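Any read-out appearing in this document is the output of simple, stated calculations on the displayed coordinates, not a laboratory observation. These figures come from a predicted structure and were not determined experimentally. We place every Cβ from the backbone using ideal geometry, glycine too, and count neighbours over all the protein chains shown.
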There are 2 protein chains.
Amino acid sequence: MTHFGSAIRNRREHLRQKDRRYSLRQVALRIGIEPAYLSKIERCDVAPPSEATTIRLARELGEDPDVLLALAGKVSSDLQEIIRKRPRLFAELIRQLKEVPDHAILRVVREVRDGEW
Amino acid sequence: MTHFGSAIRNRREHLRQKDRRYSLRQVALRIGIEPAYLSKIERCDVAPPSEATTIRLARELGEDPDVLLALAGKVSSDLQEIIRKRPRLFAELIRQLKEVPDHAILRVVREVRDGEW
DNA sequence: TGAAATGTGTAGTAAATAGGACACATGACA
DNA sequence: TGTCATGTGTCCTATTTACTACACATTTCA
């Protein structure tokens, strides 16, 4: 399991090879945080930032927000809201899917998408 | 939408009609918080308590922890952990189920339980 | 070669979270 | 009627969260 900071740093430095605008400072300024703070985040010197900041960072670096939030130990608040509206139903479903392999869940996703309910 | 405090108070006073041991004071002591604090919780004088305290309260009152957590604006950390291990998969699934009616989700739950994957 | 940009160390902080301590008025009831 | 239990008001606090501000040494490159 890699941590939040390293994921950000790797991704940013990768982008930087093609585009100088991905310096720590410039990225920090574009997403509206202090460079010193982003530096600490990338070196895991502080806990991962808030959900809002994590999402701005994800967009900036072209990463999946849900994945970065997961690395930050969080779950997107819009997902939480969906669950909270029908707690029993979603709690049972999610616990049931805990050990189910990816491909089986994907099948469920597709079944639902192709909506035959 | 009823709020956390009233749900607790209603439930506790209901239990109390059959059993005097469900006074605010005694419940508070059994779950390990100060009576004054429980009083404030029931009157929505403070925000809902932590996940741990909410779960002890749910057990004590015979309520579904996931439902009380939802009223508290939270999602159980064990559910969050499941989601965080496969963020893309679960994020897509949950968002897709947002508008799907209960009965259709229940069908999915049963399909998975009767495991034909 | 010197000005600008870069990454980082140190220090501090406002707000939110999650309660505890104690006193007090009221009510039950034996 | 005195005692115990009950619910609540007031005040206080430790910890966590999520950052900012500023200074500084180093690197870049025009």
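Length gained on full extension, residue B:67 to residue B:3: 21.9 nm, using 0.36 nm per residue less the C-alpha separation. Convex hull volume per residue, computed on the Cα atoms of the protein assembly as shown, equals 169 Å³. When all alpha carbon pairs of the stretch B:7-84 are counted in 5 Å bins from zero, the resulting P(r) reads 3, 15, 27, 27, 15, 7, 4, 2, 0 %. The Rg/Rh ratio for the stretch B:52-106, using Cα coordinates for both the radius of gyration and the Kirkwood hydrodynamic radius, is 1.05. When the charge dipole of the stretch B:46-117 is built from unit charges on Cβ atoms (+1 for Lys and Arg, -1 for Asp and Glu) and taken about the Cα centre, the candidate among B:67, B:49, B:89 whose Cα reaches farthest toward its positive end is B:89. Sorting B:27-34, A:64-71 by their mean Cβ neighbour count within 10 Å, with the most densely packed peptide first, gives A:64-71, B:27-34. Helix-only arithmetic for the protein assembly as shown: the sum of -39500 (n - 2.57) across DSSP H runs with n ≥ 4, divided by the residue total, places the mean residue ellipticity at 222 nm at -20500 deg cm²/dmol.
The charge dipole of the stretch B:4-71, taken about its Cα centre with unit charges on the Cβ of Lys, Arg, Asp and Glu (plus for the first two, minus for the last two), comes to roughly 400 debye. Counting only Cβ charges, +1 for Lys and Arg and -1 for Asp and Glu, the dipole size of chain B around its Cα centre is about 380 debye.
Averaged over the residues of A:72-85, the number of partner chain Cβ atoms lying within 10 Å of the residue Cβ comes to 6.
Straight-line cross-link partners of residue B:85 among the lysines, defined as a Cα under 17 Å from its Cα and at least 8 positions apart when in the same chain: A:74, A:98.
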